[in-house]
Structures are given as structure tokens and as C-alpha cells.
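Here's the structure we're looking at; comments come further down.
The values are calculated or read from the model by the stated rules, or taken from the named source; none is laboratory data. This one's a predicted model, so the numbers in the text were calculated from it and none came from an experiment. Ideal geometry is used to build each Cβ from the backbone, glycine not excepted, and the neighbour counts take in all protein chains shown. Ligands, DNA and RNA are stripped out before the accessible areas are found, and what is left, the full protein with its side chains, is counted by its heavy atoms. Shrake-Rupley method; radii C 1.70, N 1.55, O 1.52, S 1.80 Å.
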Amino acid sequence: MKYLCLIYYDEQRVDEMSDEQWQALVARCLACGEELRVSGHMLVGEPLQAVRTARTVRVRDGVATVVDGPFAETREQLAGFYLIEAADQGEAEAIAAKIPPATFGSVEVRPLRQLPQR
């Protein structure tokens, strides 16, 4: 089954990291991604730019409105995602626990919905 691992962290905390700490985190993330690819669990994974680059689009009564930033204010911001293949929710959660930002942020694990085929 496919699961989406949404990676959240506090951007301010990351901004306060030294260059060495940032490089170490990036190296850990790359190593984790490679380990998941080699094991066959990783389907795709990408980091996202800072939340300040986000735009929210809403369409109400046929009128599109675009505003800066995410709709909900939160201390933790979406930083990236992994799309993984796992046997079940337990295995997906075990994989998510290995993703380095889980040690100071969080990783939300959600199964993908299977849409009926026509």
C-alpha cells in the first residue's frame, strides 16, 4: 500500500541552525532517502521551499482568490514529503520514524485513498 509521509518542522528552528548543523541534517536526509530507495520503500520524495514562498488558492462561487502563505498558522510548516510503499500502517510508521526531521519536528503518515476504477 502507498503512504504519504508529510514532513513538518519549525522553520525558525531550522533558520537558527549553524551551517554545519544544516549540512549534517541534509546529509542525514539524503542518506535516509537513499536507504529507502535501496530497500524499495521510496517511490518519490522532495523537499519544499520555505513556507514564505507558499500561496493559497481558493475558488468560491467561481472566483479564484490567491493569498500569501498557508491558510492555517502553525509553528510547524510542511517541509517536504516522501511517497512510500509499505505493507501496512505499522511498517509505514516505522519508516517515518527513520526520517531525520522526525527527531525535532514531525512526520504525518497517511495512506493514499484508492479510487474506484471505471
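What the table below lists for this structure:
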| item | result |
| --- | --- |
| Peptides 33-45, 93-105 ordered by average Cβ neighbours within 10 Å, highest first | 93-105, 33-45 |
| All-pairs alpha carbon distance profile, the chain, 10 Å steps from 0, percent | 12, 38, 31, 16, 3, 0 |
| Long-range amide H partners of residue 10 with built H, under 5 Å | 77 |
| Accessible area in square angstrom per residue, the chain, 1.4 angstrom probe | 70 |
